[in-house]
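Student: Let me give you the structure first, and then I'll get to my questions.
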Amino acid sequence: MIDFLVASVHHLIVFGIAAVLAAELALMRPAAMSPHTVRLLGRFDAAYGLLALAILFVGFGRVWHGAKGADFYLDNPMFWAKIAAFGVVGILSIRPTMRIAAWRKRLKLDAAFVPPQEEIGKLRRILLAEIHVFALIPIFAAAMARGIGY
Ligand code: HEM
């Protein structure tokens, strides 16, 4: 029962992260940026941070307390490929998070502040890369759960 509940929460968090990344991508457009969009991006990015922490917590909870036992995962290269992809997504997200935070600070000093177009374009490309690496994670997860490469 606990395993079922934790697995369900794991999936819900994953869909939450996908939704937040899609929302950030939709907002991160040079042509449509406004002070309000910057505030929204700040909120979505905070949600992203919380959800990323939650999936780490729940994910490792499944590793240590799941039905299959920790060794099933820790000895499986697909598990480590999944963790590596998750790490790459995390590393890619550092710059957008820092820039969005900086934009919000600027907005407090200047209520009409709009970020420079080239910077928005750069962050959009990083977000796209993030989403593509994120898409690899369920593939590694499916392989890992079935002991492929074990
Ligand atoms: C670092 C954080 C994470 C850890 C430690 C983790 C760990 C796990 C574990 C232990 C399972 C159970 C597999 C089984 O039934 O044997 C699982 C399943 C799954 N995870 Fe994660 N996970 C993490 C993050 C993610 C993320 C970010 C995604 C999606 C992008 C994801 C997608 C999935 C999917 C789709 C399954 C179901 C696989 C299947 O049964 O076919 N996980 N995860």
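The values are calculated or read from the model by the stated rules, or taken from the named source; none is laboratory data. No experiment lies behind these values; they were computed from the predicted model shown. Reconstructed Cβ throughout: ideal geometry from the backbone, glycine too, with neighbour counts over all protein chains shown. Calculation scope for accessible area: heavy atoms of the full protein, side chains included, ligands and nucleic acids excluded. Shrake-Rupley method; radii C 1.70, N 1.55, O 1.52, S 1.80 Å.
Student: Excluding residues fewer than 8 places away in the same chain, name every one of the aspartates and glutamates whose C-alpha is closer than 18 Å to that of LYS122.
Tutor: Reachable aspartates and glutamates: GLU24, ASP45, GLU130.
Student: Right, something else. If you place +1 on the Cβ of every Lys and Arg and -1 on the Cβ of every Asp and Glu, how big does the dipole about the Cα centre of the chain come out, in debye to the nearest 20?
Tutor: Rounded to the nearest 20 debye, it is 480 debye.
Student: Further question on the same structure: Divide by every residue of the chain the summed helix terms, -39500 (n - 2.57) for each DSSP H run of at least 4, and state the resulting mean residue ellipticity at 222 nm, rounded to the nearest 500 deg cm²/dmol.
Tutor: -29500 deg cm²/dmol
Student: Pairs of Cα atoms under 8 Å, at least six residues apart: use those to get the relative contact order of segment 2-145, whole percent.
Tutor: Rounded, it is 37 percent for segment 2-145.
Student: Same structure, new question: Taking the alpha-carbon distance from LYS68 and a cut-off under 28 Å, which lysines remain once sequence neighbours fewer than 8 residues away in the same chain are dropped?
Tutor: Straight-distance partners of LYS68: LYS82.
Student: Hey, what's segment 63-150 come to in accessible area per residue, 1.4 Å probe, Å²?
Tutor: Heavy-atom accessible area per residue stands at 60 Å².
Student: What's the whole-number percent of alpha carbon pairs in segment 2-145 lying beyond 27 angstrom?
Tutor: That fraction is 29 percent.
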